[in-house]
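The values are calculated or read from the model by the stated rules, or taken from the named source; none is laboratory data. Bear in mind that the values here come from a model prediction, so they are computed numbers and not experimental data. All Cβ positions, glycine included, derive from the backbone under ideal geometry; neighbour counts span all protein chains shown. SASA here: full protein model, heavy atoms, side chains in, ligands and nucleic acids out. Shrake-Rupley method; radii C 1.70, N 1.55, O 1.52, S 1.80 Å.
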Amino acid sequence: MTELHELAEPFSSGFIDVGDGHRVAWLEAGNPVGKPALILHGGPGSGSSPNTRRMFDPTLYRAIQFDQRNCGQSTPSAAEPLVDLAANTTQHLLSDIESLRSHLGVERWLVWGGSWGTTLALAYAEAYPERVSELVMSSITTTSSAEVEWITRTMARLFPERWNDFVEYLPAGARQQNLALAYNQLLMDPDPQVHRPAARAWCLWEDTHVSLQHGFAPRLSGSDIDFQVCFARLVTHYWANSAFLEDGQLLAHAHRLADVPTFMVHGRMDVSSPVSIAYELARAIPGARLHIVEANGHGGPEMSLWVKGVLDELAGA
């Protein structure tokens, strides 16, 4: 087949109280007795996308999604003028995933992640390899300090005029510091006259660099302002802290995935996350399979179809 599956509507949904005042929204779609699969969204802060489920055959998979802390339908929202993100770290999200697994009575599940979701998927699989039947990832990131430096500063070599607009929004004294942290300080200001323009500027920069793919149409800067604020606050919160992981941790611990069948797809035209990231990770994971799509960027239709084919094979379609 050359098309994705039909979208399956949820058959179950709800919220989990995970502590610290957080309620995490979740849903299940597809076959209630099918192969369990956890879908980890990107961002951080993008929230779950129904279309992601179209890679999963609804007759074979029990597809499970949740909105990570402070985004999507989970509460409180990072878009609120006053919000505390102290209890939102990778370690908190790993705990939430385990809480969801236990709540839904899943012993082991396939884990899929895209973009930031690959960082979270890797962290989860390395912490709980016995809970992961297979690992499938698209648009690979590990959110290392080098990756954050590339995406916020070094990429000025490709987009000098747009990067200049990006940093000119910041106070002069902050332009030589951690740019994600500098933006996060503006974004966390409760005054909408401060955090809203900062969110627009951040999202415009992300739309600039997300792909070199011809005809790619990024949409962050055209989304509603509440989404922009939520997204930008969470991205900068995580990027300013290298995802709250030891630098290089995910690559260093890749050997823990030796018994987890791992499948990876990455776009050659992905400038946000250069293909070298995926390549080095694939070399570090024993038996990992990496497929590079020449014409796609940070996501793309050919990548989704490749994932669909892998998922169909893993479910015995």
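Restricting attention to region 256-276, the residues that are among the aliphatic types (A, V, I, L, M) and crowded, with 23+ Cβ neighbours inside 10 Å add up to 2.
Check whether at least one residue in region 56-67 is in contact (Cβ under 8 Å) with a residue 60 or more places away in the chain, within 19 Å of Ala123 (Cβ to Cβ) and either in a loop (DSSP other than H, G, I, E, B) or out of contact with any Cys (no Cβ under 7 Å at 6 or more places or on another chain) (or both), and report yes or no. No, the conditions are met nowhere in region 56-67. Restricting attention to region 106-142, the residues that are surrounded by 24 or more Cβ atoms within 10 Å (Cβ to Cβ) and part of a loop (DSSP other than H, G, I, E, B) add up to 5. Looking at region 26-47, is at least one residue among the polar types (S, T, N, Q) and under 18 Å from the mean Cα position of the chain (by Cα)? The answer is yes; a qualifying residue exists. May I ask you to verify whether Gln91 is out of contact with any Lys or Arg (no Cβ under 7 Å at 6 or more places or on another chain), closer than 22 Å to Arg256 by Cβ, at pLDDT 95 or above and open to solvent by 10 Å² or more (accessible area, probe 1.4 Å)? Considered against the rule, which asks whether it is out of contact with any Lys or Arg (no Cβ under 7 Å at 6 or more places or on another chain), closer than 22 Å to Arg256 by Cβ, at pLDDT 95 or above and open to solvent by 10 Å² or more (accessible area, probe 1.4 Å), Gln91 comes out as yes.
Residues in region 284-302 that are hydrophobic (A, V, I, L, M, F, W, C) and touching a Gly at 6+ places or on another chain (Cβ under 6 Å): Val293 alone.
From the list Arg153, Arg200, Arg162, Arg219, which one is open to solvent by 30 Å² or more (accessible area, probe 1.4 Å) and under 30 Å from Gln249 (Cα atoms)? Checking each option against the conditions leaves just Arg153. Is region 174-189 home to any residue that is open to solvent by 60 Å² or more (accessible area, probe 1.4 Å) and either in a helix (DSSP H, G or I) or among the hydroxyl-bearing types (Ser, Thr, Tyr) (or both)? Yes, the conditions are met somewhere in region 174-189. Has region 297-315 got at least one residue that is touching a residue at least 12 places away in the same chain (Cβ under 8 Å), of a type in the set (Lys, Arg), surrounded by 15 or more Cβ atoms within 10 Å (Cβ to Cβ) and farther than 23 Å from Arg219 by Cα? Yes, there is a match, as at least one residue in region 297-315 is touching a residue at least 12 places away in the same chain (Cβ under 8 Å), of a type in the set (Lys, Arg), surrounded by 15 or more Cβ atoms within 10 Å (Cβ to Cβ) and farther than 23 Å from Arg219 by Cα. Quickly run through region 286-296 and pick out the residues that are farther than 15 Å from Thr262 by Cα and either in contact with a Leu (Cβ under 8 Å, 6 or more places away or on another chain) or surrounded by fewer than 20 Cβ atoms within 10 Å (Cβ to Cβ) (or both). Answer for region 286-296, where residues must be farther than 15 Å from Thr262 by Cα and either in contact with a Leu (Cβ under 8 Å, 6 or more places away or on another chain) or surrounded by fewer than 20 Cβ atoms within 10 Å (Cβ to Cβ) (or both): Glu294, Ala295. Being of a type in the set (Ser, Thr, Tyr) and either touching a strand residue (DSSP E or B) at 6+ places or on another chain (Cβ under 8 Å) or under 19 Å from Leu187 (Cβ atoms) (or both) is the filter; apply it to region 30-81 and report the residue that is surrounded by the fewest Cβ atoms within 10 Å (Cβ to Cβ). The qualifying residue surrounded by the fewest Cβ atoms within 10 Å (Cβ to Cβ) is Thr59.
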